[in-house]
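Trainee: First the structure, which I've put down as structure tokens, then a few questions once you've had a look.
The values are calculated or read from the model by the stated rules, or taken from the named source; none is laboratory data. The model shown is predicted, which means the values in this text are computed figures rather than measured ones. For neighbour counting, all protein chains shown are included, and Cβ atoms are generated from backbone atoms with ideal geometry for every residue, glycine included.
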Amino acid sequence: MLMLTETFKSGTATNSRPTVSMFRFQLLIGVIAACIMPMIALWLSNKNLPLDSAQSLHSILAALLGAVGGVVLYRRLGMFPGLRNIENVVPSFVISFAVAAVALLLLRLEYSRIHLIIGFVFTVGFFVLIAIRLQRRSLYHFWVVPSGETSDMPNLANCRWHRLAHAMLPDEPIDGIVADFRADIGDDWERTLAEAVLRGHSVYHVKQLRESLTGRVRLEHMSENSFGSLIPNLSYRKAKRVFDFCAALAALPLLLPVFAVVAVLIKLDSKGPVFFRQIRAGYRGRPFRCIKFRSMYHGSGAAEASHGRAAAMTRDDDDRVTPIGRYLRRYRIDELPQVFNILMGEMSWIGPRPEAAALSSWYGSELAYYSYRHIVRPGITGWAQVNQGHVVELDEIDEKLQYDFYYIKYFSFWLDILIALRTVRIITGGFGSK
């Protein structure tokens, strides 16, 4: 079977890429906006301003770092599904320009704050316009080879799926051709796919395209080669553990005053302990005590949640949740004590959410490969949480499992950055809380 595939990136079709989507163009715009535009603006405001001083040179180099880093981060975040291009413009350049500013401070170099601020504003402005331009085209037409596992393409608002009746290319617009590369489609279809590639059309393997569009990975057979590819990046896993520990250690002094205030509010709100400890399934399936702020009435079943499946489920408008507990859950404040679990190596900042031991045992008995989600450390937030929210029903857990497998398969620094940014955004709206 011909292995003809390209990586689908959200926001633009690869066979008809507009100039504004190209890396070289975006890099050029970033350099102009961050380095040249501020120099022109400063010179127009003060024509006697020396542009060849050490301060100007350091400012230009820092702005260049901010622009290049921001463009790279903007494009890497755009590779993952579920995020519109315009939503990651500001976070990408805030991070890159902040890193550049910190580098200047650590090196104790003279620089112009005005230059960096103007460069940041111009860069963000230009890339917002680029993102708007890329999002104007929101509907994509994919043509599907009718064989193999191509009968259940995802129902997405911005995609239209057209079945090819014969082994020949249509005259209508083509954003991509979808085929199951594992199926025996015959010589005529293989020649058609080869012709499509020669004409400049994108040809996608159905499984890869489905993953890229939905952000989920489905496992059907233990013997599949794709199952082997789900082994996470071991080197990044080690680096992530070091970062988790250092970040938790640094955050602890800032969180302790918050913990004190929340503890007082919980005590005033209802009787019972401040913290709630629950046995959950953790890294490699090992049980551990997850620490949270108590958000339910003491003795209402929350304390016994580790022993009963029904008690471990939190449903919409659960009457066991205290008044202050609703706010703690809505803004995920009840999860903050898990910083201690991170310090002990039981959890990470980002990863699949740990389930109560009773629920984990039930899900594992009902859903194939459920235990595989334990190959990475569980997290305070994760890919399933920012896409799906809190769920407990078996059919919802099956979908959640697909999100978890996507995270494991594409386990990387870039995906963690995206999850962190989306977590900050959804906390303000209380998405997925119960």
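Trainee: Starting from segment 349-361, take each residue that is more than 16 Å from Gly389 (Cα to Cα) and list its partners that are in a helix (DSSP H, G or I) and at pLDDT 90 or above, counting only C-beta distances under 7 angstrom and pairs at least six apart or across chains.
Mentor: Trp349/Asp244; Trp349/Ala247; Trp349/Ile342
Trainee: Check off (1) at pLDDT below 90; (2) assigned to a helix (DSSP H, G or I); (3) out of contact with any Ser or Thr (no Cβ under 7 Å at 6 or more places or on another chain); (4) surrounded by 16 or more Cβ atoms within 10 Å (Cβ to Cβ) for Phe80 and give me the number that stays unchecked.
Mentor: Result: Phe80 fails condition (2) only.
Trainee: Still on this structure, I have one more. Here are some residues: Lys434, Lys409, Lys400. Which one is at pLDDT below 90 and either crowded, with 23+ Cβ neighbours inside 10 Å or closer than 14 Å to Gly215 by Cβ (or both)? It would help to see each step written out before you state the result.
Mentor: Numbers: Lys434 fails: either crowded, with 23+ Cβ neighbours inside 10 Å or closer than 14 Å to Gly215 by Cβ (or both); Lys400 fails: at pLDDT below 90.
Being at pLDDT below 90 and either crowded, with 23+ Cβ neighbours inside 10 Å or closer than 14 Å to Gly215 by Cβ (or both) holds for just one of Lys434, Lys409, Lys400, which is Lys409.
Trainee: Another question, then. Condition first: surrounded by 12 or more Cβ atoms within 10 Å (Cβ to Cβ) and outside any helix (DSSP H, G or I). Can you find one or more residues in segment 246-262 that meet it?
Mentor: no
Trainee: Would you call Ser16 among the hydroxyl-bearing types (Ser, Thr, Tyr) and at pLDDT below 90?
Mentor: So Ser16 fits the description; yes.
Trainee: Being modelled with pLDDT under 85, assigned to a helix (DSSP H, G or I) and surrounded by fewer than 18 Cβ atoms within 10 Å (Cβ to Cβ), is that true of even one residue in segment 46-54?
Mentor: If we filter segment 46-54 for residues that are modelled with pLDDT under 85, which is where we start, we get 46-54.
With assigned to a helix (DSSP H, G or I) added as a condition, the list becomes 54.
Applying the additional criterion that residues be surrounded by fewer than 18 Cβ atoms within 10 Å (Cβ to Cβ) yields 54.
Yes: one or more hits.
Trainee: For Asp175, are the conditions met, namely being surrounded by 14 or more Cβ atoms within 10 Å (Cβ to Cβ) and not aliphatic (A, V, I, L, M)? Spell out how you get there, then give the answer.
Mentor: Numbers: surrounded by 14 or more Cβ atoms within 10 Å (Cβ to Cβ): yes; not aliphatic (A, V, I, L, M): yes.
So Asp175 passes the test.
Trainee: Restricting to segment 348-364, and then to whatever is of a type outside the set (Phe, Trp, Tyr) and in contact with an Asp or Glu (Cβ under 8 Å, 6 or more places away or on another chain), can you tell me which residue is surrounded by the most Cβ atoms within 10 Å (Cβ to Cβ)? Before you say what the answer is, go through the steps one by one.
Mentor: Filtering segment 348-364 for residues of a type outside the set (Phe, Trp, Tyr) gives 348, 350-361, 364.
Filter again for in contact with an Asp or Glu (Cβ under 8 Å, 6 or more places away or on another chain), leaving 348, 350, 352.
On the way: Ser348: 27, Ile350: 25, Pro352: 24.
Ranking the candidates gives Ser348 first.
Trainee: What number of residues in segment 160-189 are under 19 Å from Val217 (Cα atoms) and in a strand (DSSP E or B)?
Mentor: The qualifying residues number 2.
Trainee: Tell me the residue from Leu139, Leu107 that is at pLDDT 90 or above, surrounded by fewer than 20 Cβ atoms within 10 Å (Cβ to Cβ) and either more than 28 Å from the chain's Cα centre (by Cα) or within 20 Å of Ser212 (Cα to Cα) (or both), please. First the steps, then the outcome.
Mentor: Details: Leu139 fails: at pLDDT 90 or above.
Testing whether each residue is at pLDDT 90 or above, surrounded by fewer than 20 Cβ atoms within 10 Å (Cβ to Cβ) and either more than 28 Å from the chain's Cα centre (by Cα) or within 20 Å of Ser212 (Cα to Cα) (or both) leaves just Leu107.
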